[in-house]
Amino acid sequence: MLRAVGGCDYQSGAKRSWRFGAAAAHDKTMTTVHNDVFPRAHAVQAAAALAASMGIGRFVYTPILPLMHTQAGLSASLGATLATANYVGYLIGALAGILIPGVVRSAAVMRMSLVVLIATLALMPTTHDGSIWFALRLVAGIASALVFMIAVSALHAHLRGQSQFLAGWGFGGVGLGIALSGVLVFVVRFVGTWSTAWLASAALAVVCAAVAWGLTTEPRPIITPDAPGTPSPQRWFTALFISYFLEGIGYIIAGTFLVAAIDLAAPEWVGSGAWIVVGLAAFPSCALWAWLSLRWSRPTLLLAALLIQAVGIALPALIGGVGPALISAFLFGVTFLGIGSIVLAIGAHLQFPRAVALLTAGYSVGQILGPLVVTPLLRDGYRDALLLGAAIVLAAACAAAALRFRFPHDVDAAPRKVTPNEEAVFDVR
């Protein structure tokens with residue numbers, strides 16, 4: 001035994017080697033556990049936050065809408081107005097994230113927003129006043145946007161360096177929330193009323209919020225390409241912006257009225273069942289499109305996804321029955337999250353300044369316009385509204401097709417640091 005200066009013992013030979021080897025093995029084991037378990041835990045927490053904020057807080061209105069028509073006396077025009085209120089709120093929340101970048105890294109803001117969101121769900125059945133409903137859906141939209149942005153920021157921070165498929169499953173929380181809330185409303189149709197549906201949705205959001213409560217955020221440097229001397233991306237970005245703006249209009253028409261439209265042309269249970277299919281298809285869709293992007297270019301995938309979505313939106317308007325309704329729901333679910341992820345990936349690839357913020361703002365404005373555009377068509381049902389929505393998505397596909405001409409697939413880039421504002425508003429809906 002040798003004693004070092006300061007009284008520290010130094011052990012020699014096999015015993016010391018064994019201790020060092022054991023310590024190294026322990027460190028390696030702990031690193032493996034951290035690299036494997038913790039990222040998955042963060043993905044689960046983020047998925048729960050997205051399920052509460054988007055799948056339930058934002059989209060549960062879609063399957064509840066037919067119940068409110070028949071039981072609460074909600075008119076089609078007021079239903080569209082309430083949908084618009086939620087989208088305006090979402091835009092306000094998104095702008096708050098742009099103007100106050102620190103918001104998207106605040107776990108406290110996320111938790112407060114979850115509480116507010118749950119309260120708006122629980123308060124919906126306490127009144128029949130359209131103006132109060134409008135205010136509640138507006139506030140719900142703001143809270144949904146804040147939770148969404150914070151959860152996405154946390155997901156990116158904790159999963160950097162991990163498989164893109166793990167992040168895809170995290171984003172799939174939106175689809176999971178849609179599926180769970182769809183099942184809930186489906187059951188409520190047989191045992192309760194529209195009021196029960198809102199209260200049960202609030203309870204489901206509480207469960208998701210409890211899982212997401214421990215989600216933490218952390219500041220991180222964001223590295224994206226910056227390639228001086230490459231061709232200007234403006235013409236491609238303009239086509240991308242137009243396509244995503246039109247997608248915002250067309251997709252939200254289906255996202256708001258698909259269940260109500262199916263209810264008019266199929267047995268009563270089919271509408272809620274179709275919304276469950278939307279959620280189940282959306283849950284793995286981001287991971288699916290991430291895998292497809294390894295084989296085909298993103299502009300090609302965007303064009304394909306938009307064409308598929310247009311078919312899905314038009315199908316229940318052209319052909320009645322259970323089969324077409326469920327096929328429509330599947331096609332819509334498997335594309336609407338994937339389109340957002342593809343568009344934002346293209347925007348980042350083009351290196352256009354503040355691409356994510358601009359694309360998200362255009363998409364949000366499109367969502368506000370969608371219900372307003374089709375309101376005059378709702379007097380005789382939802383058929384014409386869905387056909388118009390499909391036509392608008394086809395127009396978005398035409399704009400996306402322009403991306404495929406001489407698109408700069410290979411961009412040699414040096415890294416640059418992105419400002420917090422550019423990070424703040426990553427959106428997939």
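Some values worked out for this structure:
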| read-out | value |
| --- | --- |
| Size of charge dipole - region 38-424 - debye, nearest 20, with Cβ of Lys, Arg +1 and Asp, Glu -1, no other charges | 540 |
| Extended-chain gain in nm, criterion 0.36 nm per residue less alpha-carbon gap, Ala41 and Leu294 | 88.5 nm |
| Phi to ³J(HN,Hα) by Karplus 6.51 cos²θ - 1.76 cosθ + 1.60 over region 80-96, Hz, x for Gly, Pro | 5, 5, 5, 4, 4, 4, 5, 6, 5, x, 5, 5, 4, x, 5, 5, 4 |
| Pairwise FRET efficiency - Arg379 versus Ala119, Cβ, R0 = 30 Å, nearest 0.05 | 0.30 |
| Shape call, region 285-369: gyration tensor on alpha carbons, a/c limit 1.5 | oblate |
| Nitroxide proxy distance, nm - points 7 Å out along Cα→Cβ at Ser131 and Ala210 | 3.8 |
| Selection from Gly362, Leu386, Leu99 lying farthest towards where the dipole of region 38-424 points positive, charges on Cβ | Leu99 |
| Sites Ser77 and Ala107, calculated FRET efficiency, Cβ-Cβ separation with R0 51 Å, nearest 0.05 | 0.80 |
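Every number in this text was worked out from the coordinates using simple rules, so none of it is lab data. This structure is a prediction, so every number in the text was calculated from the model and none was measured. Using ideal geometry, Cβ is built from the backbone for each residue, glycine included, and neighbour counts are taken over all protein chains shown.
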